[in-house]
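Here the structure is laid out as structure tokens; the discussion comes afterwards.
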Amino acid sequence: MDFPQFANPLVFLLISPVVLGGLYAMRKGVSKYLVLSRVIILCLLITALASPFTMGMTTVKDDAPRITVLTDKTMSMDIFNKDTGQKIYEAIKSKTPTTFREFAGMTSPVGDEIISASENNHIVLVSDGNANYGKDLSDAITFVSKTGTRVFAVNQKLLHNDLSVEIAGAKNLIIGNENVFSIVVRQAGESASYRLDVKVDNNPVNLPDESKNIIQKERTKTIQFSYTFKTLGTHSLEATITPAGEDWFPINNKFYKSVYVVPKPKVLAITDDTGSSLYQIIESLYAVDRTGSVPDDLTKYRTVIIDNKDAAMLGSDSLKNYVGGGGGLVVVGGDASYDKGKYNNSPVESMLPIISRAGEYSGGKNVVIVLDASGSTSSSVGINILPGEQLQYGETRTVIGEIDAIAISIVRNIGSDSNVGVVAFGGVIAPVDLKSMGSASNRNELEAFIRDIGPKSGDNPTDLEKGLQSAKDMLQKVGGKKEVIVLTDGMLPPEGLSQSIKSALELKNSGVEIILVQMVAQIPQQNSERTPLQNYKLLADALGIDVNVFFVSERPNLISETDGTPTPTPLATPEITRQYSIAAINTNHFITKYVNITASVTGYNEVTPKLGADRLIAISVGIATGKPILTTWGFGLGRVVSFTTDNGGTKTEDGKACIGTCWASEVYSGMNSQIISSMINWAIGDPRGKEGVVVQAEDIWGGTPGRVIVTSNTVPQVQLDKKDIALSSTGPTTYETTINPDKEGFHDLSGYGIAVNYPIEYRDVGFNEKLKTIIESNGGRVYEEDGVEGLLFMDIKEKATRTVEAPQSEKEPFLLAALIIFLVEVIIRRMKDYRKERPKIEDNLPRVEHVEAAAEVAE
């Protein structure tokens with residue numbers, strides 16, 4: 001319950017004379033009960049006079065909605081009519097309050113501009129929707145829609161076509177391995193023809209004829225080519241398109257990419273099957289050692305690959321310490337691993353992103369996530385994360401960032417028949433009530449809300465009690481299974497601890513399961529203690545539960561799926577006699593990006609992804625649809641891959657038969673085999689290791705500063721094109737700086753090559769096809785340019801309802817209480833007066849015997 005605020009708090013000064021008057025009246029002999037009653041009544045009236053109020057959400061209908069026409073005039077908009085926004089503004093400004101706003105430059109911060117323009121306004125966006133800077137466009141639109149702002153957009157007609165080219169692929173490569181690069185060509189229109197030329201180290205690459213002269217009918221086309229580097233060090237790639245038709249911006253027709261080739265990293269294969277397709281690939285790509293069991297010392301290996309081993313052979317602490325310290329782990333399935341190898345509830349399963357039993361998590365719960373947004377969660381720690389996805393080497397992570405990441409993973413992965421609400425304590429942040437996870441828009445809304453949570457200042461208190469009370473209020477409205485997950489840094493102040501314990505016990509006694517998690521801003525070492533902070537432990541002890549302590553970068557599985565009982569022994573996987581097609585579920589991950597999967601499997605291990613894991617590849621047809629095949633996550637500082645089908649078996653000499661289970665032989669052949677090398681490369685991370693001076697820098701978009709991270713045990717000297725650059729120390733062995741070369745092409749960073757390309761503003765051309773889905777899922781609409789002026793205002797007026805936070809008067813309870821006390825007092829006094837007057841009335845009445853005598857005389 002929120003405590004009221006007061007608009008006129010100085011009125012409370014009147015209470016003092018009221019109390020003093022009451023004391024004076026009692027000294028004069030007035031009944032103390034009467035005085036007390038009148039003092040209470042007057043105090044209640046004074047409280048009402050102070051105008052108490054609480055903040056609440058209310059829906060407002062706008063008959064004359066305020067509109068902002070937001071026009072994008074960045075460089076990429078030159079292919080459209082730049083006067084469209086002004087024309088719309090002129091057409092509607094006489095009908096409703098309208099403002100005109102525009103932004104320009106060499107970047108498109110569309111999301112930031114939408115948020116800035118959203119205050120009490122509906123937005124008409126005249127833009128291509130290609131945001132390349134600032135807040136994510138989808139998050140921004142979802143955020144403003146929660147306040148009642150509707151975003152509408154105009155799909156403008158193209159005046160000119162334009163094409164851009166980009167090379168996508170890994171930065172750090174392994175010598176002697178075949179590397180696949182993707183040439184991505186984008187166009188603004190619907191048809192274009194061009195010639196594609198590719199060079200490696202200034203030597204032309206012989207592309208097939210169909211990849212040289214291309215007629216493109218789609219907006220985005222990907223052309224792949226492979227290349228094997230045979231020398232170490234920096235190498236260069238160039239891709240050039242020569243359009244045959246109109247091409248408005250020639251600046252984006254050439255792309256440079258720099259790669260760095262390193263020796264083969266050392267990996268360990270724990271397998272007894274040296275003839276399998278898996279081992280053949282490992283042996284050809286890496287410097288491999290083979291053993292049949294886990295050795296005690298794993299420090300010399302960049303990753304460990306386990307092939308079809310049961311849990312009993314993998315229980316050593318050396319493997320867990322190795323992965324937690326930054327090593328990679330790939331576990332391949334088969335008829336002796338996962339559900340067939342007693343992984344269920346075993347030590348090795350704690351490291352894996354899966355649970356070794358059948359069936360997906362189906363949800364069916366009411367879960368409230370209670371997030372700590374107090375000032376202390378802003379603490380951070382620098383972590384040497386190996387490059388491969390979004391995080392870069394030497395990334396700094398905050399506690400609130402890790403808390404948010406775990407909460408988002410719950411929202412993304414929980415079953416569609418569950419309901420999830422989010423409460424943030426440690427600041428004035430309105431909670432989001434329970435929402436059905438069967439709706440994609442609800443998931444997006446919760447995710448956007450979580451991303452926006454953060455400590456506003458270092459002074460925000462850790463008032464957990466308010467968070468628990470809000471969770472209790474949410475769960476009181478629903479039935480079924482209920483859970484509360486508390487994500488915090490554990491820094492609970494002694495003030496309010498008893499109240500927090502009381503609220504938590506009330507939740508527990510009402511049948512709510514409580515999970516306590518403490519995130520620690522510390523890099524986990526081999527023997528790091530997982531001890532909760534004192535006050536947080538007192539709370540856990542009162543509840544009779546443990547605190548789950550995790551270090552930053554770990555991804556816990558938080559939602560109990562078995563109601564506290566041991567996980568049942570999994571059923572045996574039935575014999576599979578048919579083929580199951582597999583497909584990428586997440587195509588934005590390092591492993592699956594630009595990989596065209598055409599394989600099927602005939603068998604698989606029954607597993608369930610843990611919350612926080614990334615299910616990248618799954619079965620795509622039949623009754624097994626959704627069964628995980630490739631799942632990843634981070635454990636400590638290491639990366640873990642679960643590949644839950646087999647090693648492909650051993651091919652006979654003629655290649656026509658397969659020896660072994662041979663569930664996944666297709667996955668290990670042709671272009672599908674990229675999956676195997678990609679998942680091992682992802683687990684390895686940076687193949688250079690951590691010895692000596694290691695420079696990490698991605699290629700740069702023109703005009704956008706690039707980040708340089710150097711790892712060295714001594715203070716390094718780094719030069720850009722033979723000129724010294726200054727570095728700042730960000731950790732015991734890490735140093736950072738930013739660079740912004742003004743010349744396109746290739747540059748040298750102390751032997752590590754980087755490329756500078758055209759400004760990112762010219763990469764995405766034409767209207768963003770995803771914008772329509774984003775806007776319509778948040779209550780807006782996208783108009784074609786021809787019909788926008790006639791329909792726009794009517795639609796905005798129809799949808800112009802806003803949910804706003806407004807003060808709500810709380811005078812009534814105080815006035816009602818004063819009236820009730822006054823009426824009770826009056827009734828009591830009347831009853832007393834009545835009792836006093838009754839004996840006098842009876843004395844004045846004739847007695848019964850006198851009445852009887854009078855009656856006899858009358859006779």
Between GLU178 and ASN213, how high is the FRET efficiency from 1/(1 + (r/R0)^6) when r is the Cβ-Cβ distance and R₀ = 30 Å? Nearest 0.05. 0.75
Residue-wise HN-Hα coupling along the stretch 177-188, computed from phi with Karplus coefficients 6.51, -1.76, 1.60 (Hz; x: Gly, Pro): 8, 6, 10, 9, 10, 10, 8, 9, 10, 10, 9, 7
For the stretch 114-215, what is Rg from Cα atoms divided by 2.2 N^0.38 Å, rounded to two decimals? 1.61
At a 10 angstrom cut-off on C-beta neighbours, averaged per residue, how do the peptides 708-717, 738-747 rank from highest to lowest? 708-717, 738-747
Compare the peptides 436-449, 139-152, 276-289 by average per-residue count of other Cβ atoms within 10 angstrom and give them in order, highest first. 139-152, 276-289, 436-449
Just tell me which lysines come within less than 21 Å, Cα to Cα, of LYS723; anything on the same chain fewer than 8 places away is out. LYS743
Please work out how many pairs of lysine residues in the stretch 1-128 are eight or more positions apart (or on different chains) and have Cα atoms closer than 17 angstrom. 4
Given the pairs LYS340/LYS651; LYS309/LYS610; LYS300/LYS320; LYS135/LYS171; LYS435/LYS537; LYS472/LYS508, which are separated by over 19 angstrom at their Cα positions? LYS340/LYS651; LYS309/LYS610; LYS135/LYS171; LYS435/LYS537
Send over a whole-number figure in Å² for the accessible area per residue of the stretch 161-238, probe 1.4 Å. 44 Å²
If we sort 44-52, 778-786 on the protection proxy, mean other Cβ atoms within 10 Å, highest first, what's the order? 44-52, 778-786
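The values are calculated or read from the model by the stated rules, or taken from the named source; none is laboratory data. Computed from a predicted structure; not experimentally measured. Cβ coordinates were reconstructed from backbone atoms using ideal geometry, including for glycine residues, and neighbour counts include every protein chain displayed. Please note that ligands, DNA and RNA were not included when accessible areas were found on the heavy atoms of the full protein model with its side chains. Shrake-Rupley method; radii C 1.70, N 1.55, O 1.52, S 1.80 Å.
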